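There's a structure below that I have some questions on.
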């Protein structure tokens, strides 16, 4: 089984990691894990048009590693092997597209528990992933 673990370094995303760690005993064989974070693209402004793409790539990579670090630390402490990936794009759409491309069987992520008003105004990455996903989605709180 291939599981995509989406994280942004938040307490909610770490709840999904913790839930997976508790559920591992239910798997017949250890799942193949991929830890993913998605960085929103930097808006193209006058300033960003004059920044070398390599500098922007380093920025995405550095920020992504910061977001991945807490979840990666927990997975390593549990003795698990996993792949790590920093992606750039709209979070929900990018998570689902990556899961499809990699043939993932399950997506795990956290939800921050936005209020109804926040969901209407801002939306929820977790809700959008559930809506778009080709496979089951585990949402932890």
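Considering only residues of the stretch 18-31 that are in a loop (DSSP other than H, G, I, E, B) and more than 19 Å from the chain's Cα centre (by Cα), which is nearest to residue 89 (Cα to Cα)?
30
Within the stretch 21-31, track down each residue that is touching a residue at least 40 places away in the same chain (Cβ under 8 Å) and farther than 15 Å from residue 79 by Cβ.
Residues satisfying the conditions do not exist here.
Now for a separate question. Out of (1) at pLDDT below 95; (2) surrounded by 11 or more Cβ atoms within 10 Å (Cβ to Cβ); (3) within 18 Å of residue 94 (Cα to Cα), the odd one out for residue 56 is which?
Tallying (1) at pLDDT below 95; (2) surrounded by 11 or more Cβ atoms within 10 Å (Cβ to Cβ); (3) within 18 Å of residue 94 (Cα to Cα), residue 56 fails exactly one: (3).
Oh, and also: Can you spot a residue in the stretch 77-94 that is surrounded by fewer than 14 Cβ atoms within 10 Å (Cβ to Cβ), over 12 Å from the mean Cα position of the chain (by Cα), in a helix (DSSP H, G or I) and modelled with pLDDT of 95 or more?
Yes, that holds for at least one residue.
Looking at the structure I just gave you, is residue 120 surrounded by fewer than 17 Cβ atoms within 10 Å (Cβ to Cβ), at pLDDT 95 or above, part of a helix (DSSP H, G or I) and out of contact with any strand residue (DSSP E or B) (no Cβ under 6 Å at 6 or more places or on another chain)?
no
Of everything in the stretch 32-53 that's part of a loop (DSSP other than H, G, I, E, B) and free of Cβ contacts under 8 Å to residues at least 40 places away in the same chain, which residue is nearest to residue 2 (Cα to Cα)?
Only one residue tops the list, namely 42.
The values are calculated or read from the model by the stated rules, or taken from the named source; none is laboratory data. The structure displayed is predicted, hence computed values, not measured ones. Note that each Cβ is placed from the backbone with ideal geometry, even for glycine, and that neighbours are counted across all protein chains shown.
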